[in-house]
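Notes to accompany the following structure.
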Amino acid sequence: MAGPAIPLPYTLQTWLGMVTSNGEPASRNYPPTIVMEKHTRTSFARLFPLKLSFSGFLKHQFSDRIAGRAIQFLTGEEDFDTVPSADYPRGDTFKKFGANLNALKADVGKEQLRTWIRTRTRFDLEQAAAVVVSAFMQEGRVDDAVRLVKELGPLLAGSCMWVDPNIALPMSKGPSVTLPNLARKLQGAVAKQSVAIPIASSYEELVPLLMRVRRRRKDNNQCFNIPQWIWDEARMDPPAHFKACFEFPDMQPTSPKADDSIVISRKHFRHIQRRIYRLFRFWKPDLRLRRNIKKLEDQVLYAGSWIEERVFNTDDIALLCHYFFYFQRRFQKKVVSNEKWTSFLGKGEGNKVFQNNVRHKSTFENALLDIVESNEEGVIVAMGDESTLALIDETCLLMKEYVDLYGGGKTENLTFKKGGAGGTGRGPVDDYNLLCDVLSDLRAQARDQGIADVPGMTKKFLAKDIMHWNNAWADDAFAGEERPGWEEWIDKRKLLGATTTMVLL
């Protein structure tokens, strides 16, 4: 259950989950120019905290005058100067505040928001909040921007909300495999035959081009072997001569040459075929499992089944901002230590940290949601036409596949024993822990839909040093004699041997 809404906190900086800088907000290089108030009184400086920390940040009662100054800046009610950052005449407190005012009017448009959502670019929460306000300002929706800024007083006072253009923002990899190099090689190979084709930017564009290519030989009938997963990405039904090769990677399909066929040399044909195989080694079980997990993550946690149609085609800036910030909450790094880096968080403590739990909501998010729901489009709260139970089934089966692949079908083979040596041999545990997150999200979604019968709890893999510090050996994924919830669910639903929704690659 989500707790009461709180003021939006800044992002805790972490290294391998450990909080750095004593829990203080990230510091950034100042932008070239900074906004300066013309008539700032000395007493205004007393409204700012001398120092912020993770533990004291939300306890500090920030004056409404801090957000009020920002509102005056957005509405033009008071004059502000712009001065070079190096020549800023006042102290660091005002300098930071002026740079934050700059950030509230950054150049952020709809296409930029769509790009950040599509590439899963991660900002710190204070930066993301400034991006949202900027987007509203760019659209001329000043009243909505003012409403949101009223919830940002603590961030305006003590964090760095601007984006440094000289620092690359991290991006989260989705399930799709990139293809630009293959597309360029294909274009170059057919150009040798004096044929011009465009560079494919998607699998929908790539597959029809690949189908036209033939290898130079006596009959000119040999085609590329296009694996099933590429047809799935292109959302196309393969012809019979391609489908017959799905289980045999080395088999080459044949089809009579057509009028638009392109015959290329044996050398170029083999080179591009190797590149097709390198995109994704679909014949390896561990890689298939990892890709299926990433596809499920995209579908459940990042709304991959409908985001393209529902969000990227909208012109409603409020809806774009809502999903942009929704994804930013998902992208935040997990916290596993206290602010001083002196101990790991105890059992149940991690879930109380704001950036660890997306079900905790801030007053900023609630205000943004209210703005979105005031229009005619509203916000999608369910997963469209997808069956929640079918996705739960798929998640549980992938968890079993993980145990089969890395534990020989036995959960006890993946359990650390207290006092035992070693720290590996459990497979890519982050993948299994990601499935736990997916299942937890699906359980909550099912309950929201009135479905009471859901899988029991599943525990994540814990790092060995965390278990040692907290004496938490019994909290590891498969410790003890209790069966994981997904195992009981598979038995209850009789899923083994049944047809599931998993994508077979």
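Checked against (1) modelled with pLDDT of 90 or more; (2) open to solvent by 30 Å² or more (accessible area, probe 1.4 Å); (3) among the hydroxyl-bearing types (Ser, Thr, Tyr), Thr178 meets all criteria but (1). Taking the stated definitions as given, is Phe44 modelled with pLDDT of 75 or more, part of a helix (DSSP H, G or I) and either at positive phi or open to solvent by less than 30 Å² (accessible area, probe 1.4 Å) (or both)? So Phe44 does not fit the description; no. Residue by residue through segment 409-424, note down the ones that are part of a loop (DSSP other than H, G, I, E, B) and at pLDDT 70 or above. Selection gives Gly409, Lys410, Thr415, Phe416, Lys417. A search for C-beta distances below 7 Å between a residue of segment 257-270 that is in the same structural domain as Met211 (by the TED database) and any residue that is crowded, with 16+ Cβ neighbours inside 10 Å and among the small types (Gly, Ala, Ser), counting only pairs 6+ apart in sequence or on different chains, returns Ile264/Ala189; His268/Ala189.
Among residues of segment 450-470 being outside any helix (DSSP H, G or I) and more than 24 Å from the chain's Cα centre (by Cα), the one that is farthest from Trp486 (Cα to Cα) is Gly450.
Kindly indicate whether any position in segment 428-447 is in a loop (DSSP other than H, G, I, E, B), open to solvent by 60 Å² or more (accessible area, probe 1.4 Å) and free of Cβ contacts under 8 Å to residues at least 24 places away in the same chain. The answer is no; no qualifying residue exists.
Can you name every residue in segment 155-166 that is more than 20 Å from Ile117 (Cβ to Cβ) and modelled with pLDDT of 85 or more?
Within segment 155-166, Leu155, Leu156, Ser159, Cys160, Trp162, Asp164, Asn166 meet the criteria.
Looking across segment 62-119 at every residue that is free of Cβ contacts under 8 Å to residues at least 60 places away in the same chain and of a type in the set (Val, Ile, Thr), the one that is surrounded by the most Cβ atoms within 10 Å (Cβ to Cβ) is identified as Val108. In segment 352-365, the residues that are buried (at least 17 other Cβ atoms within 10 Å of the Cβ) reach residues that are among the aromatic types (Phe, Trp, Tyr) with C-beta atoms within less than 6 angstrom, at least six apart or across chains, in these pairs: His360/Phe354. Each residue in segment 341-356 was checked for being in a helix (DSSP H, G or I), modelled with pLDDT of 85 or more and not aromatic (Phe, Trp, Tyr), and 3 pass. Checked against the criterion of being at pLDDT below 85 and touching a strand residue (DSSP E or B) at 6+ places or on another chain (Cβ under 6 Å), segment 64-81 has at least one qualifying residue.
So that you can scan it fast, the table gives a plain yes or no per residue for (1) modelled with pLDDT of 90 or more; (2) buried (at least 18 other Cβ atoms within 10 Å of the Cβ):
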{"residue": "Met211", "(1), (2)": "yes, yes"}
{"residue": "Arg215", "(1), (2)": "yes, yes"}
{"residue": "Gln222", "(1), (2)": "yes, yes"}
{"residue": "Met236", "(1), (2)": "yes, no"}
{"residue": "His241", "(1), (2)": "no, no"}
{"residue": "Ala244", "(1), (2)": "no, no"}
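Within the span defined as segment 147-165, one or more residues are more than 18 Å from Leu368 (Cα to Cα), of a type outside the set (A, V, I, L, M), surrounded by fewer than 22 Cβ atoms within 10 Å (Cβ to Cβ) and out of contact with any helix residue (DSSP H, G or I) (no Cβ under 9 Å at 6 or more places or on another chain). Hey, Arg291 hits all of (1) over 23 Å from Ser202 (Cα atoms); (2) surrounded by 14 or more Cβ atoms within 10 Å (Cβ to Cβ); (3) not assigned by the TED database to the domain that holds Ala191; (4) not hydroxyl-bearing (Ser, Thr, Tyr) but one; which does it fall short on? Among (1) over 23 Å from Ser202 (Cα atoms); (2) surrounded by 14 or more Cβ atoms within 10 Å (Cβ to Cβ); (3) not assigned by the TED database to the domain that holds Ala191; (4) not hydroxyl-bearing (Ser, Thr, Tyr), Arg291 violates only (1).
Only one of the numbered conditions (1) within 25 Å of Leu398 (Cα to Cα); (2) assigned by the TED database to the domain that holds Ala189; (3) surrounded by 15 or more Cβ atoms within 10 Å (Cβ to Cβ) is not met by Pro253, and that is (1).
Out of all the residues in segment 187-199, is one or more of a type in the set (A, V, I, L, M) and without any contact (Cβ under 8 Å) to a residue 12 or more places away in the chain?
yes
In segment 161-246, counting only helices (runs of 4 or more DSSP H) that sit wholly within it, the ones holding 2 or more residues that are in contact with a Phe, Trp or Tyr (Cβ under 8 Å, 6 or more places away or on another chain) span 203-212, 228-234. Exactly one condition in (1) crowded, with 20+ Cβ neighbours inside 10 Å; (2) at pLDDT below 90 is not met by Gly304; state its number. Gly304 satisfies all of (1) crowded, with 20+ Cβ neighbours inside 10 Å; (2) at pLDDT below 90 except (1).
The values are calculated or read from the model by the stated rules, or taken from the named source; none is laboratory data. All of these numbers come straight from a predicted model, not from anything done at the bench. All Cβ positions, even for glycine, are placed from backbone atoms using ideal geometry, and neighbour counts span all protein chains on display. Please note that ligands, DNA and RNA were not included when accessible areas were found on the heavy atoms of the full protein model with its side chains. Shrake-Rupley method; radii C 1.70, N 1.55, O 1.52, S 1.80 Å.
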